[in-house]
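*Asks:* Below are the structure tokens for one structure; questions will follow.
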Amino acid sequence: MAKADETVLEHIPALRRYARSLTGDAVEADDLVQESLSRALARRQKQGAKANEIRNLRAYLFTILHNAHVDRLGERRRWTYSIPAEVLENRLAQPAPQYGQLELNDLAAALQRLPEEQRQAVLLVGYEGMAYKDAAQVLEVPIGTVMSRLSRGREALRRMMAGAPLANLRPVAGRGTRQGAETKAAAARQGNLRKAR
């Protein structure tokens with residue numbers, strides 16, 4: 001086995017973890033990893049000698065995985081499907097796990113409620129331990145954007161894990177938009193009500 005193949009094999013567990021976190025399903029995650037590795041192999045064969053010029057193999061593989069996931073999300077938006085009732089019954093009929101497992105389940109559920117961009121930043125930097133620069137390369141955004149998404153994502157996770165309902169999370173409204181003006185007006189009204197009491 002060649003040295004390059006060995007390094008690809010070293011990254012498969014991390015790719016599977018990230019894919020599992022993105023999809024929430026082990027089978028779908030394995031399919032996503034397989035698809036991304038197939039794409040990487042096809043590109044390597046297509047590029048020939050240029051394939052050895054990859055500077056950061058880990059970031060390269062995560063970028064391919066990210067792009068494959070985005071492609072699948074696009075396909076899902078085009079196709080709708082329903083989940084059979086027996087599948088839901090089988091998932092819901094499992095006995096309750098121990099307390100630690102419940103916390104992990106709560107964290108996984110909270111991660112799934114995060115906006116896609118924030119979840120990706122939290123998983124790449126917080127879970128996979130990627131540097132901001134590498135995560136920015138994988139997500140194809142500036143480093144500052146990764147830092148912002150990570151900060152907002154971590155704060156949202158903290159609040160959700162502390163039991164704050166999702167409605168209490170601070171909405172991000174654009175400046176100068178009607179939604180932003182309505183949010184400011186509502187905050188002002190609440191401030192006036194408090195003063196009147």
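The values are calculated or read from the model by the stated rules, or taken from the named source; none is laboratory data. What you are looking at is a predicted structure, and each value in this text was computed from that prediction instead of being measured. Glycine also receives a Cβ, built like all others from the backbone with ideal geometry; neighbour counts cover every protein chain displayed. Side chains included, ligands, DNA and RNA excluded: accessible areas come from the protein's heavy atoms. Shrake-Rupley method; radii C 1.70, N 1.55, O 1.52, S 1.80 Å.
*Asks:* Please verify whether LEU92 is surrounded by 11 or more Cβ atoms within 10 Å (Cβ to Cβ) and either at pLDDT below 85 or within 27 Å of MET147 (Cβ to Cβ) (or both), treating the condition exactly as stated.
*Replies:* Against the criterion (surrounded by 11 or more Cβ atoms within 10 Å (Cβ to Cβ) and either at pLDDT below 85 or within 27 Å of MET147 (Cβ to Cβ) (or both)), LEU92 does not qualify.
*Asks:* Taking the stretch 13-27, which residues are open to solvent by less than 40 Å² (accessible area, probe 1.4 Å) and of a type outside the set (Gly, Ala, Ser)?
*Replies:* The answer is LEU15, TYR18, LEU22, THR23.
*Asks:* Name the single residue that is surrounded by the most Cβ atoms within 10 Å (Cβ to Cβ) among those in the stretch 68-89 being at pLDDT below 85 and of a type in the set (A, V, I, L, M).
*Replies:* For the stretch 68-89, the residue satisfying everything is LEU73.
*Asks:* Answer yes or no as to whether ALA121 is open to solvent by less than 50 Å² (accessible area, probe 1.4 Å), at pLDDT below 80 and aliphatic (A, V, I, L, M).
*Replies:* Considered against the rule, which asks whether it is open to solvent by less than 50 Å² (accessible area, probe 1.4 Å), at pLDDT below 80 and aliphatic (A, V, I, L, M), ALA121 comes out as no.
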